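The values are calculated or read from the model by the stated rules, or taken from the named source; none is laboratory data. Just so it is clear, the structure is predicted and the values come from calculations on it, not from any experiment. Here Cβ is always computed from backbone atoms with ideal geometry, including for glycine, and neighbour counts include all displayed protein chains. To get the accessible areas, we keep the full protein, side chains included, count just its heavy atoms, and leave off ligands, DNA and RNA. Shrake-Rupley method; radii C 1.70, N 1.55, O 1.52, S 1.80 Å.
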Amino acid sequence: MVLLSLRVQENGDEVPVDEKEVETYGTIDYSTAVPIYGSRWSGRELPKNKIPEREAPPHVVKHLIKDELALDGNPALNLASFVTTYMEGEARDLLAQTASVNLVDLEVYPQSAEISARCVNMIANLYHAPAEKGDHPAIGTSTIGSSEAVMLCVLALKRRWQFARKEKGLPIDKPNLVMGANAQVCWHKAVRYLEIEGREVNVTEECLYMDPKKAVEMVDENTIGVVAILGSTFTGHYEDVKTLDKLLEAKCKKTGLDVGIHVDAASGGFVAPFINPDLEWDFRLKRVISINVSGHKYGLVYPGVGWAIWRSKEYLPEDLIFWVNYLGTDQASFTLNFSKGSSSVIAQYYNLLRFGRAGYTRVMSNLIHISDYIADQLVKSDQFILMSATGGQGLPLIAFRLKHEKHYDEYDVASKIRERGWVLPAYTMAPGLEHVKMLRAVVREDMSKNRADILLRDLQAALESLEKTDKALLQHTRDQHKSVGHKALAKRGHHVTPETYNSQRKKLKRTQAC
Amino acid sequence: MVFLSNAVSQARIDETNVNGEHHHDNVSTTVYGTRWVAEDIPRYDLPEGEMPSNVAYRLIKDDLALDGNPALNLATFVTTYMEEEAERLMAENLTKNFIDHEEYASSAEICNRCVNMIARLFNAPMHDASSEALGCSTVGSSEAIILCTLAMKRRWQLARKAKGLPTDKPNLVLSSAMQVAWHKACRYLEIESREVPCTGDVYYMDAEKAVEAVDENTIGICAILGTTYTGHYEDVKKMNDLLEAKVAKTDYDVGIHVDAASGGFVAPFVVPELEWDFRLPRVVSINVSGHKYGLTYAGIGWAIWRSPEYLPKDLIFNINYLGSEQASFTLNFSKGAAHVIAQYYVLIRLGRSGFTKIMTNLTRTADHLAECLRATGRFEILSQGNGNGLPLVAFSLKGDMHYDEFDFAAKLRERGWIVPAYTMAPDLETKKLLRVVVREDFSRSRCELLLRDMIAALKALDTLDAKAVEAHRAVKDEHSHSSLHKNPAQYTIPENGHVLNAEGEVQNLDVKQAPGIC
């Protein structure tokens, strides 16, 4: 009864009291003595649309949220994503300790800023940034991920082109960017948001990624740059940056154009330098002017860190740099975000220090070994066609499709194996090959040989089970999945329903790989 | 049985050491006994070999010990305290990739709930299905601002194109005291920023002047709830009414975006009757930082649109993931889900009443600090009290002294307090001010400590003569730790302060030196 009168006093207005609830729980269960599952909050729905009127005890809220999140997938069984799902205990401790540190606040946290600069240095050197008189003119910045890095690099490409055109008195209203149709969605986003025409090189049966010849053919005076992908989204192939560089150099010489290459090394940037140190794809090539890489992929850090590196400041027009006056110190910044936690950057530094070249090489060799093993077993089973490269010629992933015409397809395999907990995504190939369906398993650090064997066994079991399922039943399962899957149910409550943006659906369908 | 033992020669010991068999790395000595501690920490190159995990941890932790103490940092709005339960929840969810909706459906659902709660908090119209508000989580207000600007620009372009009018000269009306994110959005998205200057008597944007600046090429007006320098809430209601009148006369369809980065979680609880949000018909979008008074650690912000009409469809990307479609509007892609989860924790843990209590406390502490400073007779208070602005105290030194606000800040720094000094917005550059942000962990007792140290700092500066102050400044400029980070890429700031922009026009660099206050 005491609490009841308090409620009225505090707010000045009456909070409706549920008599029945008071009867069940009494009025004082704010104390920690009441068991979590005996408290009123456990007997109520979690607030969904409105901030609740009253406080709730921290331990209860924590548990209720935790219980809700228990329905999320198991990150370790998610073969769809490159994003790191395992870090060492020490790294996790560092992450937790630095959660309250704001990276952009250079004045207060200069050491965190310095660590970010050290990471840029190490990564630039890893990519053979040119040295002049012992000095590295390369510059770079940390980002939230490759999407931000890509936006920044496109912005720099565009602005540089605008400047060059302006100087010659030429129009700047029709910039274009040449890329493979297999590029990740962030590229399409960048060109749309920054009002650039995206020129896509379609993929073919013979070449599942961008053909450098076709790409260079598309280059004209309005081209701000060509994008090469180190580790194609679909099949993990490394695109032939060296040939691209050579062809582009020849074309530039002939026509007087000055077009650079940006390498999207989101996935491959921490694999190729260790597995294929001789593969030339980075700043060793003259036309490569900027590179982006995701720290949270094979950089082995939890999500939230990426890097953008420019060959020299010539390629990052000063006009884009913001001088921020913070507590009397001018800081140069180039970012789309501002305040952000410093923990992922510190975790990246931890990994670079902890693993060194030797450690990264060992981890990446293991991953290649395991992905080759899985690929080998799949080919041997005679049920699949391998689409990805092996032997370290591409990312440690396995892209494959069904060999024989069956009454089930790759999507059915994906949903069948999901029943065991594996998330093994099925896709349709990039524009030009939309009719080809495929499955893709990404091999991450925590995919041991043992786990690989379990996956192979479960894949075999899934195929056998599908073999025995007749067509009608299969169709029924598909329909059901569409109408009452947890995803479909969640969507009904969404503000953005697929129907809202139905008109865009076809046009914008892109494969997400992160 | 006794073994016959060899006395091992030094040569053999050296040999095995070289072969790495008995290398002292392998001995589990304490961290500070390993060779890595005696070597310089790798700075430029990826080291060749591995390093034990505990050594790497310790070295980095020791390096970070030189960072400032977040709790004594009175410069920033960004949250430095969260409850342990929230911290644990964040740590447990570090591995989750927010964008992976298919895999982490519950995390996505939690984000939806946050958007719902915040949209309702900002009184988004809820009467029918077609006009439901839209929103998304972002990394912070900067991303939210760029997204909202992108939406305003695209909507204006589409409207102009439909009428067959040119779309090459968009402009955005904003105050000259805007946070750097706005200047960034304008520059990167190639929009002219029409800055309404602050004058001596108002430290924020004059609604009348703002509406005067609107023309057919205006994509929107930006109002700020809690100005960067002094924490004033701009008069959004007046702006709305003036704009409504102008629109009725001219048929420009211009909306207001409210930058509620700092004020969005304060005003609804302290001054709920203040009309600044979707209650005003011209307000089309709002951004708010979850990591400021949303009481979550750095890395979360929110963008909310009044209705789908204000977020053109061609900006939305639908992605095909494992056979299901996802709509997304973001500049980033993969990012941790922990912050969104932490924000939800705060919202349901505190509820309206918890937020009200905390924000009321903060307002009271700010008022107390302002009152005490005023009572010394040495300071002029520039911020508003009584909940009519953000819980911060902006003040400047009274009278003509041989030291200025920057010297005062440097003096306080010696005690560990970070109280920033600024020069005011363009057109008022001569005005210097100091700013103390009152955050959750700035309790009354800490406030008393600060006051005591401020008085001590004044006294210390009073005893110094002008020459000594000058000498201090020179040393600080040359040798402070932060000056080492100044301009690491060695861009040269042109002497006349002008650079050319993409259009070949002269651009004043002052604009770039917008306050980077966060």
quick shape note, the stretch B:369-470: Cα extents on principal axes in Å, largest first -> 41, 35, 23
Rg over Rh of the stretch A:169-303, using C-alpha atoms and the Kirkwood radius, what does it come to? 0.96
In peptide A:412-425, how many Cβ atoms from other protein chains are near each Cβ within 10 Å, on average? 1
Lys/Arg Cβ at +1, Asp/Glu Cβ at -1, dipole of the stretch A:140-256 taken about the Cα centre: which of A:Val154, A:Thr233, A:Asn182 is farthest positive-ward? A:Val154
Where in the stretch B:62-109 does accessible area fall by at least 50 Å² between the isolated chain and the complete protein assembly, at a 1.4 Å probe radius? B:Asp63, B:Leu64, B:Asp67, B:Glu85, B:Leu89, B:Leu94, B:Thr95, B:Glu102, B:Glu103, B:Tyr104, B:Ser106
Ratio of Rg to Rh for the stretch B:19-157, alpha carbon only, Kirkwood? 1.15
Averaged over peptide A:161-171, how many Cβ atoms belonging to another chain are found within 10 Å of each residue's Cβ? 2
Per-residue ³J(HN,Hα) for the stretch A:374-380, Karplus 6.51 cos²θ - 1.76 cosθ + 1.60, θ = phi - 60°, Hz, x for Gly and Pro: 4, 4, 4, 5, 5, 5, 4
Under Karplus coefficients 6.51, -1.76 and 1.60, residue-wise ³J(HN,Hα) of the stretch B:331-338 in Hz, glycine/proline x: 8, 9, 10, 4, 7, x, 8, 4
For the stretch B:300-401, what is the largest minus smallest coordinate of the Cα atoms on each principal axis, given in angstrom and ordered from greatest to least? 68, 34, 27
Please average, across the residues of B:110-123, the number of beta carbons from any other chain that are within 10 Å of each residue's own beta carbon, and give a whole number. 3
Give the accessible surface of the protein assembly as shown per residue, rounded to a whole number of Å², with probe radius 1.4 Å and ligands, DNA and RNA excluded. 39 Å²
Using a 1.4 angstrom probe on heavy atoms only, work out the carbon and sulfur share of the accessible area of the stretch B:65-167 in %. 55 percent
Taking H placed 1.01 Å from N in the peptide plane, check which residues at least 5 places from A:Lys403 or on another chain put their amide H under 5 Å from its amide H. A:Phe384, A:Ile385
For B:Gly336, list long-range residues whose amide hydrogen, built 1.01 Å from N in the peptide plane, is under 5 Å from its own amide hydrogen. A:Gly304, B:Phe98
On the accessible surface of chain A, probed at 1.4 Å, how many percent belong to carbon and sulfur atoms? 51 percent
Cα convex hull of chain A: how many Å³ per residue? 217 Å³
Under the Karplus curve 6.51 cos²θ - 1.76 cosθ + 1.60, θ = phi - 60°, whole-Hz ³J(HN,Hα) for the stretch A:408-425, x wherever Gly or Pro sits: 10, 10, 4, 5, 5, 4, 4, 6, 5, 6, 4, 4, 8, x, 6, 9, 10, x
Tell me the net charge near A:Lys174. Cut-off is 13 Å between Cβ atoms, A:Lys174 excluded, with +1 for each Lys or Arg and -1 for each Asp or Glu. -3
For the stretch B:176-307, inverting the pair-averaged 1/r of distinct alpha-carbon atoms gives a Kirkwood value in Å of 15.3 Å
Compute the acute angle (0 to 90°) between the alpha-carbon long axis of helix A:449-468 and the principal axis of greatest extent of the alpha-carbon atoms of chain A; round to the nearest 10°. 80 degrees
Extend 7 Å from the Cα of A:Asp382 along its Cα-to-C-beta direction; within the stretch A:392-416, residues with backbone N under 15 Å of that point are A:403-405
Quick check for me: using +1 on Lys/Arg Cβ and -1 on Asp/Glu Cβ, what's the dipole size of chain A about its Cα centre, in debye to the nearest 20? 1180 debye
Only protein chains counted, 1.4 angstrom probe. Which residues of the stretch B:139-157 are at least 10 Å² less accessible in the assembly than when their chain is isolated? B:Val139, B:Ser142, B:Glu143, B:Ile146, B:Leu150, B:Lys153, B:Arg154, B:Gln157
DSSP-loop trypsin sites (Lys or Arg not before Pro) across the stretch A:152-258, with at most 12 other Cβ within 10 angstrom: A:Lys168
B:Thr228, A:Thr390, reordered so the largest accessible area comes first (probe 1.4 Å): A:Thr390, B:Thr228
Taking a crude spin-label model, label points 7 Å out from Cα along the C-beta direction, the A:Lys246 to B:Glu244 distance in nm is 7.0 nm
Using amide H atoms built 1.01 Å from N in the peptide plane, name the residues 5+ places from B:Asn171, or on other chains, whose amide H lies under 5 Å from its own. B:Glu192, B:Thr218, B:Ile219
With +1 assigned to the C-beta of every Lys and Arg and -1 to the C-beta of every Asp and Glu, and no other charges, what is the dipole magnitude of the protein assembly as shown about the Cα centre in debye, to the nearest 20? 1420 debye
Report the B-A buried area as the accessible area lost on both sides summed, probe 1.4 Å, in Å² to the nearest 100. 13800 Å²
Using every Cα-Cα pair within the stretch A:51-126, state what percent have a distance larger than 17 Å. 73 percent
Equivalent-ellipsoid semi-axes (√(5λ), Cα gyration tensor) for chain B, whole Å, largest first? 45, 33, 25
Send over the Kirkwood Rh of the stretch A:93-351, from the inverse of the averaged 1/r over different Cα pairs, rounded to one decimal Å. 18.8 Å
Could you list the square roots of 5 times each eigenvalue of the Cα gyration tensor of the protein assembly as shown, that is, the equivalent ellipsoid semi-axes, sorted largest first and rounded to whole Å? 44, 35, 34
